Every structure is written in C-alpha cells, then in structure tokens.
Amino acid sequence: MKPKKLLPAKMLSGEITLPGDKSISHRAIMLGAIARGKTSVRGLLDCDDCRYTARAFKDMGLRVARKGGITVIEGAGLRGLKRPRAPINVGNSGTSMRLLAGILAGQGFGAVLTGNEGLLRRPMKRIVDPLAMMGVNIAAGPDGLPPIKINGAAMKAISYKMPVSSAQVKSAILFAGLYASGTTTVNEKVKSRDHTERMMKYFGADVRTNGLAVSVSGGRELAGREIEIPGDISSASFFIAGAVLLAGSKINIRKVSINPTRVGILNILSAMGARVKIVNKVDAFEPYADIEVESGPINGVEIGQRDIPGIIDELPVIFVLASLAKGRTVIKGAEELRVKETDRIDSMMYNLGRMGANISVDRGTIVIDGVERLRGAELKSYGDHRTVMSMAIAALTASGASSIDDVECVSKSLPEFFELLSKLRR
Ligand code: S3P
C-alpha cells in the first residue's frame, strides 16, 4: 500500500453532516432482525463493521436491503433466525462479535463466530463467562480468544456484576436476557453507553434502568420500528479537535448524537477551555443536536478512571489535543485502550512521539505535557481507524508534511473521513 501524505492546514471552516452513529447502527440491525415485522432505518452507517453485522443476519436467512437512505430489515422474531451454513465472519468488528454472541445464545442451533486476524487477538472471555453462567454452551479458543462456538440452550436469568466497564459486554448479556427465563440484571461500576437499553425499550422490550443497574425480562417478542440514526459523535470528535486546534477555524457539525453517555468528549473539551457549543437540540429516543466549534487556546486536564467509559473511543484524539494544550494532562485508568483494534496507548505514543509530543506512561497513568507545535513525521496506522484519524488531525497542525503507511482502515467506521476533511480544510 502507498503511504498517504498528510499536509498541514491553515484552518477548518464550514458545515458538515456525518453518517449515522456506529453503535446505534449495529443495534438497529440486530434488534430489527430479532423483532417481528419490518424495521426501517434512516441514516444507517454504511461502513465495514455494520456491513459485517448485516451480512451475519443475511447468513441466517434474513433480508436486509438498502434503498436510498433507508435500510429495511425484515425481522424474524426472537427465535426465527436460521442456522448459518458456515462460521459467521465479522471481520474486525468487536461490537458485532460480542453482541451477536448474546443473540446466538438464544437460538436453537449451533454457530461459530470468527473474524480477521486483528479480531482474533481481542479478549472474549468477558462475554463467554457471563453467557456460560446463564447456561449457554459457549467456548472461546485458548486464552479466551475467538473463534467462539455457541450452542443455544434454555437460559436462566442472572444478576451480573461487570468486572470491566464495557457496553459490549453489557449488551451481550442484555441480548441473551431477552431469551432467558426471568429477569436478567447487569450492574456496572461506571455507566457505559446505553444505546442497547434505549433501543430495546423502543422496540417494546421490558427494560428497566435503576442507577447503574439495567434489567431486562426474557420471553417478550419485540415489534419492528422506524428509526432515525443521528451522526456519530466519535467521528465528530476528530473534526472538532481539528477546529479547536487550528487558529481561525469555525465549523458546524449537524445532527450529531448527544446521548448523555457519549458526550464525555464535549465535557473534557469544555474542561480544557475549548469553545464548543451544542445548539438546536432535538429530544428523540436518541437525542441529537448541532455542534458549533471555534478555535482557541486549551489547557491540560485531569482525566480519571470514572471518565474513561464515556470517552473510550475519543481518547486517541484527546491525546492529540493534550499534546498541544497548555500545561499537563494526566489520564488514569485507561488500560482498556490496550485491547481495542490495536493497543492505542502504544500506537498513539509512537506516533505522537515521532511528531515531537511529550507523552509518557507510568504504571497505567498517561502523562502528556503540551508542546507549542508538532512536527511532520512518518506515521504508522497499526491498521486502526481511530489511530489514523487522530494522527491525520495532528498532522493538520504540524510544522511540516507527514505521511502515514495505510489509511484504508478508516472504512471500518467512517469511509468518508478524508473527503469530509478536505471539505472543511482551508
Ligand atoms: C461499543 C462499545 C465500546 C467502544 C466500541 C463500540 C459499542 O467498547 O469502544 O467502539 O457499540 O457497544 P467497550 O464497550 O468494549 O468498551
């Protein structure tokens, strides 16, 4: 693959609308598939990961078809999926694998979930353990890595305390809970994104939230719905960071999800002193708004373990912001970054280090001392979409040209990233 040149920009300016939120898109396909009747989704994200989720249900006998901006899923009901003929391959999509495991747990057939080389290195014990407690016949490979073999069984409800804060784990258990006899409860230490519980309720499931506990009753069929998916705030965060950092910038990102479990990035930016405004709020089942950003100086910030679940996907770009902020940023409890598409602590330290940032890690605590300017450098993608997009933003601010070895992986979540960036760059 040819490296991509990343040139500095003067500023970002203008207005963009982003494609639909990735987490909400996965769930819309999944719940549409196991509901009864038709689900129509406007604004479903068309990216590699969501295609893998759609393909999985096609492999299990469903029709998922896109026409114009609308995707129609003909739901099969809770137990109407058909046994796939081959292992279900979900590429590099951790969300697909973990959430599908919860759905397969309730089916009357055996199936195997597998993925690409990157996904085969990611931990699955975190979902295998609770699903096995529910009575599912489930096994991962050595060290708890995929592929995962699942044989659906009659399941019993459990009450589960999550050892790691993870929306994917919580969602896998809640999906399995739809099939279990009794009420399944998941207790979190810190609230992770709540798209599953919101959308399950929207489809008619009996879901109750009580502080950090979420419960779902098993056995109730869901009904197909019409859904509109707002723009992805994780994708927005790259453009927001670029506009904050490049003097003279002013951008407007329209119709972005402002689900309270996802706006951590906006809270961190406001603690850093950035000029970011949320306007035109709409209170739908997944609320959204326009986000206006102007450039301005920012300060270092303290980020604690409790903040992490709300900014887990935005941390790489927060590293970039912190590298150019005034003073010190300290980030604690971000170990989960080590088991994302790549080890994002290592990938970002390597790349930002090459650009002259002052970033170090000591027993899990990341310390970043802001510098005046980054310099252009040869960068590495590690095959990770968010490392690429974060570094593309860092490169906009640099004193010289940069290059990165491979940018194709942005298609995992935002295939249009570079087009959108060139629309804003001045
Ligand atoms: C996601 C949850 C997060 C996030 C991932 C998408 C989801 O993972 O990093 O990109 O859609 O539930 P964890 O819940 O494992 O932290």
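The values are calculated or read from the model by the stated rules, or taken from the named source; none is laboratory data. As the structure is a prediction and not an experimental result, all values here were calculated from the model. FYI the Cβ positions are ideal-geometry reconstructions off the backbone, even for glycines, and counts take in every protein chain you see. When the accessible area is computed, the model is the full protein with side chains, heavy atoms only, and any ligands, DNA or RNA have been set aside. Shrake-Rupley method; radii C 1.70, N 1.55, O 1.52, S 1.80 Å.
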I want the local charge near THR387. Using Cβ-Cβ distances under 12 Å, sum +1 for each Lys or Arg and -1 for each Asp or Glu among the other residues. -2
Sequence-distant lysines (8 or more away, or on other chains) whose Cα lies within less than 26 Å of LYS2: LYS10, LYS340, LYS380, LYS412, LYS423
Please report the Cα spread of region 257-389 along all three principal axes, rounded to whole Å, starting with the longest. 42, 31, 27
Per residue, how much accessible surface does the chain expose to a 1.4 Å probe? Answer in Å², no decimals. 39 Å²
Given a 1.4 angstrom probe, I'd like the percentage of the accessible area of region 22-228 that is carbon and sulfur, rounded to a whole number. 48 percent
Skipping prolines and chain starts, which residues have an amide H placed within reach, meaning under 5 Å, of the one on ASN358, given they are 5 or more residues away or on another chain? ASP369, VAL371
Measuring from centroid to centroid over Cα atoms, what is the spacing of region 169-237 and region 9-82 in Å? 17 Å
For a bin width of 5 Å, list the pair-distance distribution of region 80-168 built from all Cα-Cα distances, rounded to whole %. 3, 15, 27, 26, 19, 8, 2, 0
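In region 22-228, what is the volume of the convex hull around the alpha carbon atoms, normalised per residue and reported in Å³? Don't skip to the answer; put the middle values down first.
Details: hull volume 20.6 nm³, N = 207.
About 99 Å³ per residue, rounded to a whole number.
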Taking alpha-carbon centroids only, region 326-351 lies from region 116-136 a number of Å equal to 24 Å
Please give the FRET efficiency for ASP143 paired with ARG208, using the beta carbon to beta carbon distance and R0 = 41 Å, rounded to the nearest 0.05. 0.70
Taking amide H positions as placed in the peptide plane 1.01 Å from N, state which residues far from ARG36 in sequence (5 or more) or on other chains have amide H under 5 Å from it. GLY77, LEU222, ALA223, GLY224
Please compute the Kirkwood hydrodynamic radius over region 201-261, one decimal place, Å, based on all pairs of different Cα atoms. 15.1 Å
Selected from PRO19, PRO297, PRO415 as most flexible by GNM, with the chain as the system and alpha-carbon contacts under 10 Å: PRO297
Over the chain, relative contact order from alpha-carbon pairs under 8 Å, at least 6 apart, %: 18 percent
For ALA140, what is the net charge nearby, where nearby means another residue's Cβ is under 15 Å from its Cβ and Lys, Arg count +1, Asp, Glu -1? +4
Expected-Rg normalisation [2.2 N^0.38 Å, Cα atoms] applied to region 339-426: 1.09
How long are the three semi-axes of the equivalent ellipsoid of the chain, in whole Å, if each is the root of 5 times an eigenvalue of the C-alpha gyration tensor, listed from largest down? 36, 22, 20
How much length is gained if the chain between GLU416 and ARG338 is pulled fully straight, taking 0.36 nm per residue apart and subtracting their Cα-Cα distance, in nm to one decimal? 25.5 nm
